[in-house]
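The values are calculated or read from the model by the stated rules, or taken from the named source; none is laboratory data. Keep in mind that this is a model prediction, so the values were computed, not measured. As a convention, Cβ positions derive from the backbone with ideal geometry for all residues, glycine included, and neighbour counts pool all protein chains shown.
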Amino acid sequence: MSWDKLFTVFGTVFILIGVALVLIPIIVRFIPEIELEKIPRILLYVYRKDNFLFATSPILIIISIIYYLWKVLVG
């Protein structure tokens, strides 16, 4: 597999993960029986208070910070 195809596959996978993470709060509002708290916190962090729902992925945030620092420091 060539490098350009490999990057295309990785990019597609990351886009799908991003879309899934964006849709999680919407899905939870319509299907409240889903218990997101059972998912490990490193994969998905869910904060609920009153009528507010915030869901994020700490591992993706960590990867983004590492990538940003790598691009800034290495070039």
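Details
- Scan of the range 27-38 for residues that are surrounded by 12 or more Cβ atoms within 10 Å (Cβ to Cβ) and assigned to a helix (DSSP H, G or I), ordered by number: 27, 28, 36
- The range 1-44, residues that are at pLDDT 80 or above, within 15 Å of residue 57 (Cα to Cα) and of a type outside the set (A, V, I, L, M, F, W, C): 18, 40, 41
Let's see how each residue does on (1) surrounded by 12 or more Cβ atoms within 10 Å (Cβ to Cβ); (2) touching a helix residue (DSSP H, G or I) at 6+ places or on another chain (Cβ under 8 Å); (3) of a type in the set (A, V, I, L, M, F, W, C):
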| position | (1), (2), (3) |
| --- | --- |
| 6 | no, no, yes |
| 25 | yes, no, no |
| 40 | no, no, no |
| 45 | yes, yes, no |
| 54 | no, yes, yes |
| 60 | yes, yes, yes |
| 66 | no, no, yes |
| 75 | no, no, no |
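- Where residue 19 falls short, out of the listed (1) more than 10 Å from the chain's Cα centre (by Cα); (2) exposed (fewer than 11 other Cβ atoms within 10 Å of the Cβ): (1)
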